[in-house]
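What follows is a set of notes on a single structure, which appears directly below.
The values are calculated or read from the model by the stated rules, or taken from the named source; none is laboratory data. Predicted, not measured: the structure shown is a model, and the values here were computed from it. We place every Cβ from the backbone using ideal geometry, glycine too, and count neighbours over all the protein chains shown.
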Amino acid sequence: MTLMSYLLYLAALVGLAWLLAVWMARVYGGALPSALLRAEAALLRLSGAVPARGMAWGAYALAVLAFNATCFVVLYLLLRAQGALPLNPDAIGGLAPDLAFNTAVSFVTNTNWQAYSGEAQLSYLSQMAGLTVQNFVSAGTGMAVAVAVIRGFVAARGTTLGNFWVDLTRSVLWILLPLSVVLALFLAWQGVPQTLQGAVVATGVEGQEQVIARGPAAAQIAIKQLGTNGGGFFGVNSAHPYENPTIASNMAQSLSILLIPVAFCFLFGRMAGDRRQGWAILAAMAVMFVAGLAVVHVCEVAGNPALGAGANMEGKEQRFGAMLSALWAASTTAASNGSVNAMHDSFMPLSGFVMLVFMQIGEVIFGGVGAGLYGMLLYVALAVFLAGLMVGRTPEYLGRKIEGREVTLAVLAFLSMPLGILVGGAVAATVPQALAAVQEPGPHGMSEILYAYASATGNNGSAFGGYGAALPWHTTALGIIMLLGRYAIIIPMLAIAGSMIRKPQAPVTSGTFPTHGPLFVTLLVLTVVILGALTFFPVLALGPVAEETARLAGQSF
Amino acid sequence: MLTHLRPAIALTVFFTLLTGLAYPLVLTGAAQALFPSAANGSLIEREGTILGSGLVAQSFAGDAWLHPRPSASGWNAAGTGASNLGPTSAALIATVAKRRAAWEAANGAPAPIDAVTASGSGLDPHISPENAMAQAGRIAAVRGVDAGSVRELIAAAVEGRLFGLYGEPRVNVFLTNIALDEAFPMPPAGGEGQAAE
């Protein structure tokens with residue numbers, strides 16, 4: 001029955017994503033109803049963009065940076081000033097400079113790391129006009145970049161990758177916004193509050209007072225899932241009964257988390273004019289996802305004998321149980337969605353291992369909206385290159401040669417992972433002000449550090465919540481690392497795309513290495529696993545692996 | 001960079017107005033019109049007093065009521081939190097052992113796992129049916145009714161899996177306690193239980 005539940009979920013996911021990809025292909029190809037096109041054109045003209053002008057990769061990257069920088073400044077100022085601004089019924093003050101920096105970076109980079117607690121530290125205006133907006137446009141940025149990168153690989157020979165303003169606007173207006181409206185209404189029906197009234201004071205059955213925070217949550221939660229953002233309206237995120245009140249709300253959100261990332265695989269196949277290419281990438285992602293999910297499921301259902309018989313229910317909600325918590329944990333760490341419906345810090349060590357690996361390999365198993373696909377294309381370039389080395393031929397992907405320049409850029413982009421996770425983590429494990437954040441003695445403490453820095457570098461945003469990430473050291477260091485994890489991938493990937501699109505497309509011959517069959521899928525999976533394992537296994541051995549060994553020996557810390 | 005600055009600023013302003021104000025405000029209007037109770041937090045009133053939310057756990061200590069799962073944040077619905085303790089945490093293992101002893105002393109039955117572990121939100125409104133059933137004897141004794149009828153009421157309150165596949169069977173503690181007060185009013189000393197008439 002468990003198997004059937006998972007299969008049904010995956011079938012629904014793939015079916016919906018396939019349908020969405022049909023629409024997305026029309027949106028990005030400009031095959032929209034003329035009224036929509038006219039509205040879009042008017043908006044862009046008014047904004048001073050020149051939609052007809054294609055951008056070479058450098059201009060595209062500059063536009064991304066200019067837009068994201070503007071967003072950062074606006075959000076930072078809003079968070080600092082929220083205390084003096086309207087829509088603040090619970091009279092919450094402004095954020096401290098380091099926390100405002102961390103939060104602004106976090107939402108602009110689609111990380112949604114939460115060093116703050118929503119209901120206690122943010123006004124409704126910050127939630128709506130600050131975070132919700134970034135949930136839309138940071139997702140839109142990732143989608144636009146992915147579409148540009150895809151064009152670099154598949155479009156006819158040329159120099160330009162498309163126009164960022166057009167791609168961004170289309171992502172938000174015609175994909176994210178309509179889906180969000182539908183999901184938000186569904187969630188509101190299920191019991192997620194959508195009100196501008198402040199907290200309510202209840203007098204409980206036994207006469208005790210209970211202050212219940214609420215707010216315009218449904219609207220934000222819808223886009224936080226669809227845009228693989230994950231920053232909760234409330235501190236405990238999707239475990240909160242107001243964020244995720246029912247099993248139906250949980251399943252709708254679980255589907256939404258992976259919907260657009262999976263659709264991007266199909267979109268890739270469509271844009272390449274060879275749908276098998278999209279299926280191959282989806283297959284590679286799915287193999288790794290199912291393997292990881294199986295581990296988390298088994299560990300959580302088996303539970304923790306040190307706490308008693310039954311599933312591992314510490315940090316989990318009764319309505320979700322071990323299974324839906326495992327599905328959520330695997331999906332969100334795979335998809336760079338920082339939301340949690342159970343507390344990852346309290347998961348079993350090997351579940352933590354899987355979550356760490358999913359993030360450390362760079363969020364390419366489905367990954368963030370857009371970001372997962374362009375991240376995976378980085379590995380594709382490396383896999384094809386390795387295959388070329390093995391057979392002694394110049395590697396090709398989709399008819400275009402992968403040469404020194406592309407591989408150098410791909411390796412540069414890949415290096416941001418170990419730089420952020422290993423260097424950032426090592427510093428955090430040695431500097432006393434940083435080390436103070438660790439909650440747990442023993443190997444679990446190592447996992448907490450690793451998780452924080454993997455989450456920031458991979459732009460995931462979830463946390464081992466016991467880790468005191470609100471310390472100024474971490475708000476600053478993690479903020480910088482989130483920037484690294486985002487732009488040190490985006491810029492090289494756009495550069496690769498810019499270089500690919502200039503190359504001639506060679507026709508397929510009998511000597512071409514096919515990139516759509518099981519052989520290629522296996523090669524791609526092995527490339528991801530080997531690169532990830534070689535880079536991170538030593539440190540994983542000190543964290544979750546050591547903890548599991550100690551646990552089996554009956555040790556506690 | 002400068003040529004990009006104007007569209008960057010203009011679109012930031014536009015998207016802030018659209019997705020930051022229009023989108024949440026229109027949805028607020030729609031949700032308030034379509035699902036007024038849910039949109040305001042599914043609040044439950046009795047005799048003009050807001051007792052709490054049907055979705056949010058509150059503390060119950062008295063023997064006459066079902067007890068919710070432990071909360072690491074004291075059922076604080078304005079500042080939620082979990083223990084976040086890891087699986088090899090000695091502190092967690094000790095806390096759970098203490099909870100188990102207390103629970104088993106109060107209910108005279110082996111404690112199910114959900115009764116001794118804290119939820120992620122600290123506001124988990126549900127407990128497992130086994131957990132609820134094991135508390136029936138204690139509740140019946142205080143209310144002066146037979147345990148069978150309390151069990152019957154609990155059994156009727158059990159919510160099942162979605163499509164028979166997803167989630168876990170569960171009992172909403174707060175709502176079931178209100179139903180208990182209605183079905184088996186407490187003797188006048190208990191004070192709150194007269195709503196059933």
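Name the residues in segment B:98-109 that are of a type outside the set (A, V, I, L, M) and either closer than 10 Å to B:Gln135 by Cβ or in contact (Cβ under 8 Å) with a residue 12 or more places away in the chain (or both), would you? Scanning segment B:98-109 gives B:Arg99, B:Arg100, B:Trp103, B:Asn107, B:Gly108. Within segment B:26-59, restricting attention to residues that are in a strand (DSSP E or B) and within 7 Å of another protein chain (Cβ to nearest Cβ), which residue is farthest from A:Ala239 (Cα to Cα)? Looking at residues that are in a strand (DSSP E or B) and within 7 Å of another protein chain (Cβ to nearest Cβ), I get B:Thr49. If you go through segment A:199-246 and pick out every residue that is assigned to a helix (DSSP H, G or I) and either surrounded by fewer than 23 Cβ atoms within 10 Å (Cβ to Cβ) or within 8 Å of chain B (Cβ to nearest Cβ) (or both), you end up with 5. For segment A:282-321, the tally of residues that are buried (at least 24 other Cβ atoms within 10 Å of the Cβ) and either in contact with a Gly (Cβ under 8 Å, 6 or more places away or on another chain) or at pLDDT below 95 (or both) stands at 9. Looking only at segment A:312-328, decide whether some residue is in a helix (DSSP H, G or I) and free of Cβ contacts under 8 Å to residues at least 12 places away in the same chain. The answer is yes; a qualifying residue exists. When the residues of segment B:82-98 are filtered to those that are surrounded by 19 or more Cβ atoms within 10 Å (Cβ to Cβ) and not polar (S, T, N, Q), the one that is nearest to A:Gln555 (Cα to Cα) is B:Pro87. Taking segment A:60-95 as the range and being within 23 Å of A:Arg486 (Cβ to Cβ) and in contact (Cβ under 8 Å) with a residue 60 or more places away in the chain as the test, the residues that pass are A:Tyr60, A:Ala61, A:Ala63, A:Val64, A:Leu65, A:Phe67, A:Asn68, A:Cys71.
For segment B:117-132, the set of residues classified as crowded, with 24+ Cβ neighbours inside 10 Å, part of a helix (DSSP H, G or I) and not polar (S, T, N, Q) consists of B:Ala132 only.
Going by the conditions given, is A:Ala188 facing chain B (nearest Cβ under 7 Å), assigned to a helix (DSSP H, G or I) and closer than 27 Å to A:Phe264 by Cβ? No, not satisfied. Going by the structure shown, is B:Asp114 touching a Ser or Thr at 6+ places or on another chain (Cβ under 6 Å), under 24 Å from A:Glu314 (Cβ atoms) and either outside any helix (DSSP H, G or I) or within 14 Å of chain A (Cβ to nearest Cβ) (or both)? Yes: the conditions hold for B:Asp114. Here A:Ala272 passes the criteria (1) surrounded by fewer than 24 Cβ atoms within 10 Å (Cβ to Cβ); (2) over 19 Å from A:Trp23 (Cβ atoms) except the one numbered (2).
The condition of being aliphatic (A, V, I, L, M) and within 14 Å of chain B (Cβ to nearest Cβ) holds for only one of A:Leu87, A:Leu99, that being A:Leu87. Filtered by the rule that a residue be within 14 Å of chain B (Cβ to nearest Cβ) and touching a Phe, Trp or Tyr at 6+ places or on another chain (Cβ under 7 Å), segment A:142-164 gives A:Ala144, A:Phe164.
All of B:Ala64, B:Ala33 fail the test of being assigned by TED's automatic domain parsing to the domain that holds B:Ala147 and at pLDDT 95 or above, apart from B:Ala64. Condition first: more than 9 Å from chain A (Cβ to nearest Cβ) and over 30 Å from A:Met1 (Cβ atoms). Now tell me which residues in segment B:155-189 satisfy that. Listed by number, the residues that qualify are B:Ala179, B:Leu180, B:Glu182, B:Ala183, B:Phe184, B:Pro185, B:Met186, B:Pro187, B:Pro188, B:Ala189. In segment B:1-19, the residues that are without any contact (Cβ under 8 Å) to a residue 12 or more places away in the chain never reach a residue that is in a helix (DSSP H, G or I) and of a type in the set (Lys, Arg) with C-beta atoms less than 8 angstrom apart, at least six apart or across chains. Being buried (at least 18 other Cβ atoms within 10 Å of the Cβ) and at the interface with chain A (Cβ under 9 Å from one of its Cβ atoms) is the filter here, so list the residues in segment B:60-77 that pass it. Residues satisfying the conditions are B:Phe60, B:Trp65, B:Arg69, B:Ala72, B:Ser73, B:Trp75, B:Asn76, B:Ala77.
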